[in-house]
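Accompanying notes for the structure given below.
The values are calculated or read from the model by the stated rules, or taken from the named source; none is laboratory data. Computed from a prediction, not measured in an experiment: that's the story for all the values here. All Cβ positions, even for glycine, are placed from backbone atoms using ideal geometry, and neighbour counts span all protein chains on display.
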Amino acid sequence: MSACLDIRSLSAVLPNGQRVLRSVSLSVQPGEVRALVGESGAGKTMIGKAVLGVLPSSVRIVEGDMLLEGEDLGRLAPKARRTLIGARTALIPQDPLTALNPSRRIGPQITDRLVRILGWSGERADKRIRQLLDAVQIRDPERVLKCYPHELSGGMRQRVLIAAAFAAEPRLIVADEPTTALDVTVQKQILRLIAQLQRDHGTAILFVTHDLGVVAKISQKVSVLYAGKVVEEAATADLFTAPQHPYSRALMAATPRYTDPLASLKPVDDAVLAGLAAEIAAADQAWRRPHG
Amino acid sequence: MAEPLISVRGLKVALPDMTRKPLIGRAPLAEILKGLDFDLPKGSVTGIVGESGSGKSTLGRALVRLIEPCAGSISFDGRDISHLSEAELRPLRRNLQMIFQDPMSSLNPRRTIFSIIAAPLKQNGLGDNLKARVAEALQRVGLPQSFASRYRHQLSGGQRQRVGIARALALSPKFVLADEIVSGLDVSTQAQILTLLEKLATEMGLTVAFISHDLSVIRRLCQQVIVMREGRIIEASATDALFDSPKDAYTRELISAIPLPEIDAGWLGTLATTKALT
């Protein structure tokens, strides 16, 4: 079976020529959760945006291919590309409050997308949304659909957006730090819901996060990023039992663990950072040669 | 255990509830802290943990008397400060310092780092020998002296938080409130800042209230923990005891909800086998 998402050697640059994505290759198989983990500036959100075709205008893709279910996004006309991305992908954003329009009720906001982009009838969209609200354990859908975003708690808003993301049966969901703004107990509920729906619907997920704890619990595959470069790519179980790259090991040691307070929260060693800088510089030099 | 630096008894705080404010007139008060009792022993680091809305930040603000309690007492070094006026508080302020969550918004963008660190020194009558005092503050948090002439936007997140710490500690306070000071930072930077705070707290004999939503961080840094929920203390005990044998069901829930960076297939619980929606 072909990959749901296949990114091949993707590079993107800023207007000043600096590379922000450095020959990124990764794939997400159907029904698989791939985590993208890294610190700020690692380019993990950038990859999600590139897939959804919503990169900021200052970032230019200069090399590489993105294949969505075998279709090369780079070869499609802009309109056909947008239609394809709209039909087969969805986003679960980090901050549901900014993702929702504050002046419209929840119901019309989340059914609109199904009606406008997928051409569903209003009735079909409404029925579908109610099914999904039930799946994300919203007990009183009537009330929630009539609410304005500010009338719901953070956890409820995120449930609504998860329902909206799964409603159109996308093949791929980009989840960009979907639980970062939530309390731990709510985070656990939301991760559980995403895992449940993902399994039931066989959806592939590109799961962007900075939290190795979340990576361990939700994903089967993981790509560790630093400065726009994939420094390690592994099955999640392998990364946690035997991380190969020094940076992966350093990240692991820096992550707090209440079970082992003294061995965790270790600052990243300067030698590791120097090694990374050298690795990035060498990669850039090798890349520039054929690219002038 | 050491004698308390801060002693809180029956503390209640009510704040205007803006969600119920009428169009004209005052918002009704909502009770945020509903009667708290605890001590902060001298020279200890106490973690205050809770989820959003638990009142942990309001408690912090009451401890440094940025807000006035409506009932109960807060005694600092044996003196009740719960109803002192701003003028009466002024001489105490140098001993009640704060490190804020977001150094980007708590550092003035138009001032140099020197002037930011110097401000509290001048206000507290330590304006002589400013250069040396600021230099010492920078050195204490591991920032190079050249940073004195920089501005906030020229610093990384971790460096900004170091400036926040340098400013709070410039006056050698007795008490420091640290409210979610690492929650906006990357894990590698977070580790550096916590290690720094740990070292300085020991060296300077600080009494610290460390507010956080992250129990893993609290376990590393704090000797005792206060667990809050909906304006009440659910459980308060020595850190190891809290983690080894949590007494309250809510504390257990909070601990078990932390996703540890290790494979644990059972953590999410059994996913129900529901049929796919059609």
Worksheet item: Do you know which of the residues in segment B:235-254 that are within 13 Å of another protein chain (Cβ to nearest Cβ) and surrounded by fewer than 13 Cβ atoms within 10 Å (Cβ to Cβ) is nearest to B:SER216 (Cα to Cα)?
Response: B:ASP244
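Matching residues to (1) hydroxyl-bearing (Ser, Thr, Tyr); (2) surrounded by 15 or more Cβ atoms within 10 Å (Cβ to Cβ); (3) farther than 22 Å from A:GLY86 by Cα:
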| site | (1), (2), (3) |
| --- | --- |
| A:ILE106 | no, yes, no |
| A:GLN109 | no, yes, no |
| A:ASP112 | no, yes, no |
| A:SER121 | yes, no, no |
| A:ARG143 | no, no, yes |
Discussion item. Any residue at all in segment A:39-56 that's crowded, with 22+ Cβ neighbours inside 10 Å and not in a helix (DSSP H, G or I)?
Written reply: yes
Practice prompt. Could you list all residues from segment B:163-180 that are among the basic types (Lys, Arg) and buried (at least 24 other Cβ atoms within 10 Å of the Cβ)?
Written response: B:ARG167
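Here's the yes/no breakdown for (1) surrounded by fewer than 16 Cβ atoms within 10 Å (Cβ to Cβ); (2) at pLDDT below 95; (3) closer than 20 Å to B:LEU206 by Cβ; (4) small (Gly, Ala, Ser):
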{"site": "B:ARG94", "(1), (2), (3), (4)": "no, yes, yes, no"}
{"site": "B:ASP102", "(1), (2), (3), (4)": "no, yes, no, no"}
{"site": "B:ASP128", "(1), (2), (3), (4)": "yes, yes, no, no"}
{"site": "B:LEU138", "(1), (2), (3), (4)": "no, no, yes, no"}
Worksheet entry | Residue selected from segment B:181-226 under the condition touching a His at 6+ places or on another chain (Cβ under 8 Å) and not in a helix (DSSP H, G or I), by the criterion surrounded by the fewest Cβ atoms within 10 Å (Cβ to Cβ) | B:SER183
Worksheet entry | Residues satisfying the stated conditions in segment A:227-263, i.e. among the β-branched types (Val, Ile, Thr), within 18 Å of A:LEU36 (Cβ to Cβ) and either assigned to a helix (DSSP H, G or I) or more than 10 Å from chain B (Cβ to nearest Cβ) (or both) | A:VAL230, A:VAL231, A:THR236
Response to the item:
Filtering helices (runs of 4 or more DSSP H) wholly in segment B:77-154 for at least 2 residues that are within 28 Å of B:VAL13 (Cβ to Cβ) gives B:86-93, B:103-106, B:113-123
Item to complete: Output the residues belonging to segment B:13-29 that are more than 24 Å from B:ARG232 (Cα to Cα) and surrounded by 10 or more Cβ atoms within 10 Å (Cβ to Cβ).
Response: B:LYS21
Discussion item. If B:GLY55 satisfies all but one of (1) on the phi > 0 side of the Ramachandran plot; (2) surrounded by fewer than 18 Cβ atoms within 10 Å (Cβ to Cβ), what's the number of the condition it fails?
Written reply: (2)
Worksheet item: So A:PRO102 clears everything in (1) under 23 Å from the mean Cα position of the chain (by Cα); (2) exposed (fewer than 15 other Cβ atoms within 10 Å of the Cβ); (3) under 24 Å from A:ARG159 (Cβ atoms); (4) in contact (Cβ under 8 Å) with a residue 40 or more places away in the chain except one condition, right? Which one?
Response: (1)
Item to complete: Could you list, in sequence order, all residues of segment A:200-253 that are within 17 Å of the chain's Cα centre (by Cα), more than 15 Å from B:ASP186 (Cα to Cα) and among the hydroxyl-bearing types (Ser, Thr, Tyr)?
Response: A:THR203, A:SER219, A:SER223, A:THR236
Worksheet item: If we keep just the residues of segment B:79-102 that are in the same structural domain as B:ILE181 (by the TED database) and touching a Ser or Thr at 6+ places or on another chain (Cβ under 6 Å), which is nearest to B:GLN161 (Cα to Cα)?
Response: B:SER82
Discussion item. So A:ILE7 passes all but one of these: (1) within 14 Å of chain B (Cβ to nearest Cβ); (2) among the hydrophobic types (A, V, I, L, M, F, W, C); (3) buried (at least 17 other Cβ atoms within 10 Å of the Cβ). Which condition number does it fail?
Written reply: (1)
Worksheet item: What pairs come up if the first residue lies in segment B:185-203 and is more than 7 Å from chain A (Cβ to nearest Cβ), the second is among the small types (Gly, Ala, Ser), and their beta carbons are under 7 Å apart, counting only those six or more places apart or on different chains?
Response: B:LEU185/B:GLY157; B:LEU185/B:GLY158; B:THR189/B:GLY157; B:THR189/B:GLY158; B:ILE193/B:GLY158; B:LEU196/B:GLY142; B:LEU197/B:ALA178
